[in-house]
Amino acid sequence: MSELKIGEISKPRFEFRTFGQDFSVAAERMARLSVPVPEKVWRRESDEIYIMSRTNDLNNTKIRDGKMDVKTYVQTIDGLEQWDPKLKAEFPISKSQLVEEIFPAFMVELPALAKSEYSFDEFISIIDAHPDLQAVKIHKERYGYMVNNTICEVANVLVNGASIVSVNSESVELDDIKKTVADLRLEGVENINYLQAIKRVIGMKNLPLAN
């Protein structure tokens, strides 16, 4: 079994993730159980924009550092979700890529597009004008760990300024994640991905977070 390395590309990983207000017990246990990790992942901050679609829960679209990243849902096994990178795009984005790849990922009606390419600001204007799409500002403060050969993190997340906390464990090995979830005392806690968490916070879905 090959070992995962933080920051390196592997085959599509399975993931347990959840969101709520307080995961202090899991966070403390994660820190104590972790093997040493590279200093670059001890603490990371980023500002991102997630594009929420009322009609799509299968494609996760975010923009960070001027680049768009889309991951697509593959399958769920034993309650753990598998996601796979679908496409990456840089601004300005061509009309053809918007028509052929990006708006199909949103699963919404295609708006009228008069230009051959669109800057970041022009793209966000299209999103803001669309009745089924919403751009959401996300700030992440992430602390990285490695427990049972799974990539873990504790994240303080602002969703349009609303403060929530996330903990996760991801790996290509299901049993390693299950052991980590048990070791972190998170058994029975709902698995909530970023799409679902953001939709719940902004009111696009009428469901609570895990706590």
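The values are calculated or read from the model by the stated rules, or taken from the named source; none is laboratory data. Keep in mind it's a predicted model, so treat the numbers as computed, not measured. Reconstructed Cβ throughout: ideal geometry from the backbone, glycine too, with neighbour counts over all protein chains shown. Protein only, heavy atoms only, side chains kept; ligands, DNA and RNA dropped before computing areas. Shrake-Rupley method; radii C 1.70, N 1.55, O 1.52, S 1.80 Å.
Quickly estimate the mean residue ellipticity at 222 nm for the chain, helices only: each DSSP H run with n ≥ 4 gives -39500 (n - 2.57), and the total goes over all residues, rounded to 500.
Numbers: 5 runs with 43 residues, N = 211.
Result for the chain: -5500 deg cm²/dmol, rounded to the nearest 500.
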Semi-axes in Å, largest first, for segment 87-154 (Cα gyration tensor, √(5λ)) are 32, 14, 12
Comparing PRO38, PRO104, PRO12 in a Gaussian network model of the chain (Cα, 10 Å), the one with the largest mean-square fluctuation is PRO38
Once both label points are put 7 Å beyond Cα along the C-beta direction, the LYS67-GLN97 separation in nm becomes 1.1
If every Lys and Arg gets +1 and every Asp and Glu gets -1 at its Cβ, then about the Cα centre segment 81-124 yields a dipole, in debye to the nearest 20, of 120
FRET efficiency for GLU39 and VAL74 from the Cβ-Cβ distance with R0 = 22 Å, rounded to 0.05, comes out at 0.10
In nm, the gap between the two label points placed 7 Å beyond Cα toward Cβ at GLU173 and LYS86 is 3.1
Which of ASP78, ASP69, ASP22 fluctuates most in a GNM of the chain (C-alpha springs under 10 Å)? That residue is ASP78
The farthest towards the positive end of the charge dipole of the chain, of the residues ALA197, SER94, GLY79, given +1 on Cβ of Lys and Arg and -1 on Cβ of Asp and Glu, is ALA197
With all protein chains in place and a 1.4 Å probe, ASP175 shows an accessible area in Å² (nearest 10) of 110
Taking a ≥ b ≥ c as the square roots of the eigenvalues of the Cα gyration tensor, with a/c under 1.5 meaning rounded and otherwise prolate when a/b exceeds b/c and oblate if not, segment 40-115 is oblate
For GLU141 and ALA31, extending 7 Å from Cα along the Cα-Cβ vector and measuring point to point gives, in nm, a value of 1.3
Expressed in square angstrom to the nearest 10, the accessible area of GLU190 with a 1.4 Å probe stands at 80
For TRP83, the net charge from surrounding residues (Cβ-Cβ under 15 Å; K, R +1; D, E -1) works out to +1
With PHE103 itself left out, Lys, Arg at +1 and Asp, Glu at -1 over residues whose Cβ is under 11 Å from its Cβ give -3
Within the set GLN196, GLN82, GLN21, GNM on the chain using Cα springs under 10 Å gives the largest fluctuation to GLN21
In debye to the nearest 20, the charge dipole size for the chain, taken about the Cα centre with +1 at each Lys and Arg Cβ and -1 at each Asp and Glu Cβ, equals 240
